[in-house]
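This report concerns only the one structure given below.
Every number in this text was worked out from the coordinates using simple rules, so none of it is lab data. Note that this is a predicted model, so its numbers are computed, not measured. Cβ sites come from the backbone with ideal geometry, for glycine too, and all protein chains shown count toward neighbours.
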There are 2 protein chains.
Amino acid sequence: MEQVRYGIIGIGNMGSSHALNLVDKIKGAQLTAICDTSPARLEWAQAHLPESVQKFDTPEAFFASQAMDAVLIAAPHYDHPVLAIQAFENGYHVIVEKPAGVYTKAVREMNEAASQSGKLFGIMYNQRTSPLYTKLRDLVHSGELGNIKRTNWIITNWYRSQSYYNSGGWRATWAGEGGGVLLNQDPHQLDLWQWTTGLMPKRVRAFCHFGKYRNIEVEDDVTAYVEYENGATGVFVTTVGEAPGTNRFELSGDNGKIVVEDDKITFWRLRVPEPQFNAEYTGGFGQPECWKCDIPVHGGHGPQHNGILQNFTNALLHGEKLIAPGEEGIRGLTISNAMHLSAWTDDWVDLPLDEDLFYDKLQEKIKNSTFRKETAGGKVLDVSGTH
Amino acid sequence: MEQVRYGIIGIGNMGSSHALNLVDKIKGAQLTAICDTSPARLEWAQAHLPESVQKFDTPEAFFASQAMDAVLIAAPHYDHPVLAIQAFENGYHVIVEKPAGVYTKAVREMNEAASQSGKLFGIMYNQRTSPLYTKLRDLVHSGELGNIKRTNWIITNWYRSQSYYNSGGWRATWAGEGGGVLLNQDPHQLDLWQWTTGLMPKRVRAFCHFGKYRNIEVEDDVTAYVEYENGATGVFVTTVGEAPGTNRFELSGDNGKIVVEDDKITFWRLRVPEPQFNAEYTGGFGQPECWKCDIPVHGGHGPQHNGILQNFTNALLHGEKLIAPGEEGIRGLTISNAMHLSAWTDDWVDLPLDEDLFYDKLQEKIKNSTFRKETAGGKVLDVSGTH
């Protein structure tokens, strides 16, 4: 292969942005096909994409076309696993937008299809290309922080007004998106929370508020407490209802404390590890000597979406290692599903998750939904500048 | 009254520090009596306090003496309500060290005794004199922040090594202190959390870890989630096991966000209140204009313990309003008790608290305790510089 031919299914907010990037920003990539069931989006494609790009209005025709080597899935959340499985069955490599899906049961099937196909499988975790988080991961995985004691992410700067929700009737509904802030805004943080630390919770107790700040039926305010296998605990707080909100990720470990905030990493590094100090100290009050270290982070926000597309392309052309293997999408979604399930059952949720129970509860929500909202029609919002 | 004559019961860590301050730092105050059952502490008093200070080795003799107008109680936690009630019955004004007690049932009785006595009743919430927190309270109570949506206090800089716990056999035991970090280190924050915001939780779900970082039987690591009557939520995270730890208190409200950290207050103030922006905005993405404001705070850490002693003295001499009325001690303790009870029952705790249930559970802990620790004897630690 000298060039990777991409087909995109779903030319909405994200898909159209990816399309334009694939046309001229990704080396070794070529946009050869798109698919959308909306006539308006096909018109947009006709007007903005090269003539050579084949346009399909049904997934069946798109998948049958063999007009591409790799399929980029930017359809609604629920369709991600369904379309990915079809893509694998038709012999395509697949890169899927986040979240991997809405419930892990389907995502597990997608992962199995990927594995059986032998094709490359990636997920659009573009924040994994952020120098901030790759550096944080490096600090943890190289052992600088030592054993982790606590994680704490306040990620409340996902402000969304009611007008955002009114821009699409499917937005923030159980049937349309399968969730709110956890499914639409937080997939990156839910990925980075475990990717940077290497820790998955072993149990989750979460408190979700549904339609608290916005006229929506899904969660717009969440506080979750988790416990890890190594004894560490964690907190995750998120909402769309606060302004200006906070994005502050704190990790405490045997060797000190790391805070990621305002695009900076600060490492309060202990001169001797805390457990050693504790074992040796005899003075009553007193604590380990601590150095406040500003950790260098270069490269701004990093290549983001284009970084993932370039990496996926390079993986196909040159065997480069994937930054975000598709199979890892289930991790963040598992945490998200566990938070919902904990709130719905008002109880602990142990991991591995009871995937059938989650699926049943979600179907109940969809079935029992009586929510109707005023919408301004299916507007495509400009997402440039958002991550 | 031209001078307030003080008697201190309990001349340990805090009592001895208060005694020295009353001798020469509080205008209008005079130290006239002390009481301690420990011969070593009486020897210390003999060596360090004026000859004129009467020394008693039993509470009975101390209370019978009428050697003072006001009693400062700096005995172990459990004794606070018992001794306060005795003091009121003997006609004394009372100022009690924090916490008000160990369980609210006894503290409620203390409050009733205070009310019936008609005497002045104060509590040593010295952090209420901190310019940082008086300013924060002012910002909230004057309406600058607007309706509160969320509170979040990470107070993990209460580092205590094992040697601290080994300095007294009673430390961090159910029988001796009735709790760990919540009872000994956090009473100030548990007070300030509700005093600055004016919000008491209506229900609490807490996760306590007992003897996780230290060889103790009580909690040394706590994460709590609370819900308030107005719909706001809150998180409180505390531990003695992390270094360097964090002390960061964030409040989110309709008019923006306030963060108290590093002895500074930052107010991210919205130009229009968020609910108004949300109601009027039609642009999809977008959020209210926000101004980052550095809030001036003057006076360093404030007068702290001496400020409370001076205020109590002035209240008696000149009718000055109490900064920390003793009756308010039950509030922080109620939150503390609720956190313990939630952890013990692994369930929600609604407020008002079931005080009998808490009391019974605490008695069980004491009765079933099999914990014995190696101690270095009853050392008196130098607490100067600690708050």
Query raised in the report: Beyond 15 Å, what percent of the Cα pairs of the stretch B:7-78 remain?
Result: 46
Query raised in the report: What nm distances, shortest first, do you get from the label point of B:Val272 to those in the other copies when the point sits 7 angstrom along Cα to Cβ?
Result: 5.9
Query raised in the report: Regarding the stretch A:233-387, what whole-number volume in Å³ per residue does the convex hull of its Cα atoms give?
Result: 259
Requested in this report: Provide the percentage of antiparallel DSSP beta bridges, counting only those with both residues in the protein assembly as shown; round to the nearest 5.
Outcome: 65
**Report entry** Cα coordinate range in the stretch A:135-192, projected on the principal axes (Å, largest first)
**Finding:** 47, 20, 19
Report task. Calculate how many DSSP beta bridges within the stretch A:84-230 are antiparallel, expressed in % of all such bridges and rounded to the nearest 5. Result -> 75
Report task. Given a cut-off of 30 Å, name the pairs among B:Lys105/B:Lys212; B:Lys105/B:Lys264; A:Lys264/B:Lys257; A:Lys98/A:Lys202; B:Lys27/B:Lys135 whose C-alpha atoms lie farther apart than that in the structure shown. Result -> B:Lys105/B:Lys264
Report summary line: Here the correct list, in nm and shortest first, of distances from A:Ile366 to the same site in the other copies, label points 7 Å along Cα→Cβ, is 5.6
**Report entry** Average partner coverage of A:145-158, which counts Cβ from other chains inside 10 Å
**Finding:** 3
Query - Averaged over B:39-45, number of beta-carbon atoms from partner chains that fall within 10 Å - result: 0
Report task. Express in whole angstrom the spacing between the alpha-carbon centres of the stretch B:1-64 and the stretch B:212-279. Result -> 39
Report summary line: Row for the stretch B:242-290, column shape: gyration tensor on C-alpha, a ≥ b ≥ c, rounded if a/c < 1.5 i.e. under 1.5, prolate if a/b over b/c, else oblate; value prolate
**Report entry** Over the stretch B:71-132 - Rg/Rh using Cα atoms and the Kirkwood inverse-distance radius
**Finding:** 0.98
Query raised in the report: Where does the stretch B:292-345 land on Rg/Rh, using Cα atoms and the Kirkwood Rh?
Result: 1.18
Report summary line: Rounded to the nearest whole number, the per residue volume of the convex hull around the C-alpha atoms of chain A in Å³ is 148
Report summary line: Taking the square root of 5λ for each eigenvalue of the C-alpha gyration tensor of the stretch B:262-304, the equivalent ellipsoid has semi-axes, largest first and in whole angstrom, of 34, 9, 7
Query raised in the report: Considering only chain B, what is the antiparallel percent among its DSSP beta bridges, to the nearest 5?
Result: 65
Query raised in the report: Where q = 0.08, 0.11 Å⁻¹, what log10 of I(q)/I(0) comes from the Debye formula for the protein assembly as shown, counting one point per Cα?
Result: -0.72, -1.18
**Report entry** Inter-copy separations for A:Pro50, label at 7 Å along Cα-Cβ, nm, ascending
**Finding:** 9.5
Query raised in the report: Where the centroid of each part is defined by its Cα atoms, how far is the stretch A:293-354 from the stretch A:110-156 in Å?
Result: 5
Query raised in the report: Just the C-alpha atoms of the stretch B:44-168: what Rg/Rh do they give, with Rh taken as the Kirkwood radius?
Result: 1.06
Requested in this report: With the cut-off at 16 Å, report for the stretch A:189-230 the share of all Cα pairs above it, as a whole percent.
Outcome: 51
